[in-house]
Each structure stands twice: as C-alpha cells, then as structure tokens.
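Every read-out reported here was derived from the displayed coordinates using simple, explicitly stated rules and does not represent laboratory data. Quick caveat: nothing in here was measured; it's all calculated off a predicted structure. Every residue, glycine as well, gets a Cβ built from its backbone with ideal geometry; the counts of neighbours run over all protein chains shown.
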Amino acid sequence: MASSAPQRHYRAPCPGCGAPVEFKSAQSTHAVCPYCQSTVVRSGEVLQRVGTMAEVFDDHSPLQLMASGRFQGQAFTLIGRLQYQGPQGRWAEWIALLQDGSSATLGEDNGAYVFTRPAAPGRALPDAAHLRVGMTTAVDGEPFSVAANLQAQLGAAEGELPALPPLGTPFQVVELRSSGGEVLSIDYGTQPPQVQRGHAVRLEDLQLQGLRDDASVREEAARQFACPSCGAPVRVQLSASKSCTCPSCHSLIDLSAGIGGELRHAAQYEPVEPLIPLGSTGQFEGAAWQVVGFQHRTGVEAGDDDEESFGWEEYLLYNRQRGFIFLVDASDGWSLVRPTTGAPTYKPGTPNATYLGRHYRLASRYRAETNYVAGEFYWPVQRGQKTGNDDFEAVDGKGILSREQAPGEVTWSHGQRLDSAVVARAFQLGEKAGLFRRQDAGPVSPGAGVGCGTVVLILIVLVVLLVLMSNCSGSPGTGYRSSGGSWGGYTSGGGHK
C-alpha cells in the first residue's frame with residue numbers, strides 16, 4: 001500500500017445510517033457512505049447528508065478502491081471513483097491520494113489511461129462555447145489543440161471525492177491536447193472550472209498493487225444475457241466492453257447503460273468474415289494481444305461526386321496491462337496504430353502536420369463510415385456512424401498519422417506500417433501468408449534466377465497494362481482505400497471525456 005499522507009485521518013458517523021465514514025485526504029470535501037450510499041459533505045468536524053448517490057456501474061475494471069502504486073517516484077492510493085455519462089457512453093475517473101497529501105486523477109483515455117494533476121489555468125478561462133473543436137489556444141505559452149467539447153453529467157461515485165457537480169445535471173467538458181503528448185481537461189461542472197493536466201501512463205508502469213485479482217475479473221466479466229433481437233445467449237468476456245455483437249444474428253448491442261437495463265440493438269446483414277478470427281492472440285511490441293473486436297469501414301474521397309467507395313478493416317487488440325491498439329488491414333498494407341495522448345501541430349485544411357518532432361504530409365482526405373462490426377468494443381460503436389478523416393504519411397517514410405473528426409471531438413492516431421509476413425507470423429498463421437499479402441510486397445529485384453532483362457520486360461508490361469486500364473476506366477479511385485486507415489475517436493476508439 002502507499003504510505004499514509006502526512007496528515008490526520010478524519011472519521012465520523014454517517015448522518016444517514018450511522019456507519020463510519022472516513023476521510024484520508026484533507027482535500028476531500030465529499031464522500032459516499034459505503035453502506036447506505038448517502039452523499040455526505042464535510043463541514044468542520046461534522047458530516048452533513050446532501051442526498052443519495054446512485055450505485056456505480058460495474059465496469060469490471062482491474063482497478064478498485066485502496067489499490068496503490070507509484071507515479072514519478074511517489075506512492076499513491078486510489079480513494080475515490082467518479083463515473084460520468086457522455087453522449088457516447090460512460091467513463092471513469094479514479095481519485096488518487098499521493099504520499100505528500102496532494103491529489104491526482106487516473107482517468108480513462110482512448111482505451112488506455114492518463115494520470116493528471118490539478119493545474120492553475122494561468123489566466124481567466126473562457127466560456128466553454130468559445131473553445132471550438134479543432135482550434136488552437138495557448139496554455140502557459142504552449143499551443144494546445146481543442147480535441148473535444150461535449151456535454152456530460154455525473155452518474156455515480158464512491159469513496160472520497162473532490163467538489164462535485166450536481167448529480168445528473170449536464171455540464172460542459174473541454175479537452176485539449178499538445179504536440180508534446182500532454183492532455184489538459186477543463187470541467188465546467190463546478191465554479192471555478194476544474195483544470196487537470198497530465199500524460200498517458202501504462203498500468204504496468206505504475207507498479208500497482210491491490211488490484212482485483214484475475215480470477216474475479218474473469219468471473220465477473222463473463223456476463224451472459226439473452227440477445228434482445230433473437231434471444232440467443234450472448235456472453236461478454238472483455239471487462240471494459242461497452243458494445244458487442246450477437247454471435248447468432250450478428251445484431252450490434254449497446255451495453256453502455258448496463259446489462260440489467262433495456263438493451264438497445266441494431267440489426268446487421270451481410271456479415272463480413274475476419275481474416276484473423278476473433279479470440280486469436282498475436283505478439284506485437286513484446287506483448288501478447290488478443291483480437292476482441294473487428295469492424296469493416298468504407299470511405300469516399302473528399303470531393304468525389306461519383307461516390308465510389310473504398311474499404312478497409314480494423315481489428316481491436318487488447319492487453320490487460322497496456323490497453324488497446326488497432327491492427328488495420330488496407331489495400332496498401334497492414335498498420336499497427338493507437339490513439340495519441342497529445343495532438344500534432346496542425347492547422348485544419350493544410351497538408352502538413354508535425355508530431356513528436358516528425359513531419360507528416362497529407363496523403364488522403366475522405367468521409368468514412370462504419371459498415372459492419374463483430375466482437376466487443378470499449379466504446380459504444382454504431383453501425384452507419386460517419387466521420388471526416390485525414391491520413392498523413394511521414395516525410396521520412398517511418399510513420400503514419402490520422403485525424404478523425406466526429407461531432408464534438410477530434411481524435412488523432414499514429415503508428416507504423418507492418419510487413420504482411422510479420423502480421424501472419426504474429427498470429428502463427430504462416431500457412432496462410434498468401435492471404436495476408438497486400439501492396440506492401442517489395443519490388444522485383446535482380447538475383448536468384450531473375451535477370452535484369454526480365455526485370456525490364458516486367459516493367460514494360462506493367463506500364464502497358466496501366467495505360468490500357470486508364471483508357472478503359474471512367475473514373476479513378478475505385479477499389480479499396482489507398483492509405484493507412486482511420487483510428488481513434490468515439491467512433492473507433494472512445495475518449496477520455
């Protein structure tokens with residue numbers, strides 16, 4: 001456990017049921033009684049009951065109250081949890097008490113986590129309406145991009161808590177991200193608004209102890225219910241799932257309101273068979289990743305009046321300690337990508353972007369739509385959801401970058417291309433390597449039975465074929481997409497807020 005903060009603990013009987021309510025942090029103003037769910041506020045040495053808190057929605061997270069760890073050399077303990085409801089589902093924020101008595105927040109961020117601490121804005125904050133998605137503003141002399149501006153409300157809480165917005169009352173949340181990988185969140189639910197600032201973290205780097213053990217998480221995560229469309233049994237295995245599909249009728253089911261309530265669903269027809277089966281495990285970045293979700297998406301190039309679309313597929317991969325990444329299968333090759341914590345330096349509408357010191361150039365701009373999904377997802381994915389997308393290629397050829405815009409949010413993702421043989425080997429599907437080959441195959445080169453004359457002849461034949469095809473084709477750009485994919489965002493990856 002983390003060391004106790006250098007301060008006196010405070011305990012008093014709950015004014016609702018008489019059970020003891022304890023405050024470990026001097027900064028906590030509210031607490032939720034673990035017995036009767038009364039919300040109490042501390043006023044000097046007296047607790048006052050201000051209402052009843054709804055029970056937290058069990059998201060089957062490995063985190064729990066009193067789990068402890070270390071961040072930047074300082075011990076901390078999780079003493080509270082807040083659950084918020086936004087237009088695209090729920091997210092949780094854990095209140096951390098640090099060894100020096102200060103507080104921090106461990107919050108969800110695009111399938112991963114971000115560790116933030118209270119920050120002074122440095123100047124008067126503008127109204128939320130003035131912070132438009134996509135604009136750039138300065139914070140302490142550093143440019144930040146507005147990544148999200150949405151309405152949320154507090155749904156439930158437990159443990160010790162800071163000043164709270166009224167339960168169930170909508171308020172604005174604005175999230176900004178910098179090119180240096182920082183995230184800055186402004187909650188307008190209190191006056192003055194609360195500002196948090198921090199970076200992405202991996203749970204394995206926090207040296208966490210006291211987590212819910214694997215057995216209990218697996219047992220609770222194996223939730224089963226009847227499909228609201230066909231009645232067939234549906235089992236939810238992934239702890240953080242907010243949507244899933246029925247294995248029998250392929251209906252898409254929204255789990256964001258909890259399995260106990262009325263489940264919303266949408267029928268899906270013409271199922272797409274993934275090349276990599278759901279449940280498969282692949283090795284990437286020195287870790288094992290399980291395929292938990294799959295979606296097929298299509299796009300139409302911006303300004304294309306003929307509405308001829310191209311398609312690609314995305315696999316959602318999960319590792320309990322590292323979160324989620326996307327494996328993208330496009331006509332020009334495979335890519336491994338993840339949503340960024342920060343935001344690249346970019347001016348909307350321009351062809352250039354910079355991220356982590358690397359320069360990128362616009363490769364394609366298009367409108368994307370989700371056509372078919374299968375498996376489980378940590379955000380409430382919706383069939384037919386549409387976004388505006390920009391894909392960028394690194395000038396040095398060593399990376400890819402994508403910008404996806406949905407109502408109220410802009411999400412960036414970055415990653416790298418993978419050789420098709422690497423993907424096949426990662427899932428031990430070498431016998432099917434031919435099915436994984438894309439346009440990333442290397443060019444023909446002299447050697448091993450192929451002479452220079454043969455190479456020249458092949459090139460001449462290719463040129464002739466290309467000329468013939470261009471003369472027979474009425475419009476360019478048909479077929480499958482020609483750049484790396486689109487990833488992240490509420491539409492394909494959730495969000496911090």
In Å, what is the Rg of the alpha-carbon atoms in region 265-423, and how long is Dmax? 15.7, 45
Projected label distance in nm at E22 and Q153, using a 7 Å step from Cα toward the beta-carbon: 3.4
Give the Cα extents of region 127-168 along the principal axes, in whole Å, largest first. 36, 20, 16
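Are there any trypsin sites (Lys or Arg not before Pro) in region 381-417 that are in a DSSP loop and have at most 11 other Cβ atoms within 10 Å? List them by number. Show your work: numbers first, answer last.
Working: sites: R383, K386, K398, R403, R417; in loops: R383, K398.
Those satisfying the criteria are K398.
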Mind checking region 124-205 for trypsin sites (Lys or Arg not before Pro) that DSSP puts in a loop (not H, G, I, E or B) and that have at most 13 other Cβ atoms within 10 Å? R132, R202
Computed FRET value (nearest 0.05) for A129 with A433, which takes r as the C-beta separation and R₀ as 56 Å: 0.55
Please give every one of the lysines within straight-line cross-link reach of K242, meaning a C-alpha to C-alpha distance under 29 Å, and leave out same-chain neighbours fewer than 8 residues apart. K386, K497
Please list, in chain and number order, the residues 5+ apart from W379 or on another chain whose amide H is under 5 Å from its amide H, with Hs placed from the backbone. K242, S243
Within region 155-181: backbone nitrogen closer than 20 Å to the D140 label point (7 Å, Cα to C-beta): 174-181
Given 0.36 nm per residue, what is the gain on full extension from R361 to Y10 after removing their alpha carbon distance, in nm? 120.7 nm
Want the number for V41 to T190: 0.36 nm per residue separation, take away the alpha-carbon distance, what's left? 52.1 nm
Phi to ³J(HN,Hα) by Karplus 6.51 cos²θ - 1.76 cosθ + 1.60 over region 276-292, Hz, x for Gly, Pro: 9, x, 4, x, 5, 10, x, 9, 9, 6, x, 9, 8, 10, 9, 6, 10
Distant-in-sequence amide H partners of S280 (H built 1.01 Å from N, under 5 Å): V291
Using amide H atoms built in the peptide plane, which far-off residues or other-chain residues are under 5 Å from C36 H to H? none
Counting other C-beta atoms within 10 Å, and keeping those with at most 15, which DSSP coil GluC sites (Glu not before Pro) do you find in region 303-374? E307, E308
Would you mind checking the radius of gyration and Dmax of region 292-370 based on alpha-carbon positions, in Å? 14.8, 45
Expected unfolding gain across S331-A302 under the 0.36 nm per residue rule, minus the alpha-carbon gap, is 8.6 nm
For region 293-299, 3J(HN,Hα) per residue [Karplus equation, 6.51 cos²θ - 1.76 cosθ + 1.60, θ = phi - 60°, Hz, x = Gly/Pro]: x, 8, 9, 9, 10, 10, x
Karplus-derived 3J(HN,Hα), 6.51/-1.76/1.60, for each residue of region 338-343, Hz, glycine and proline x: 8, x, 7, 7, x, 10
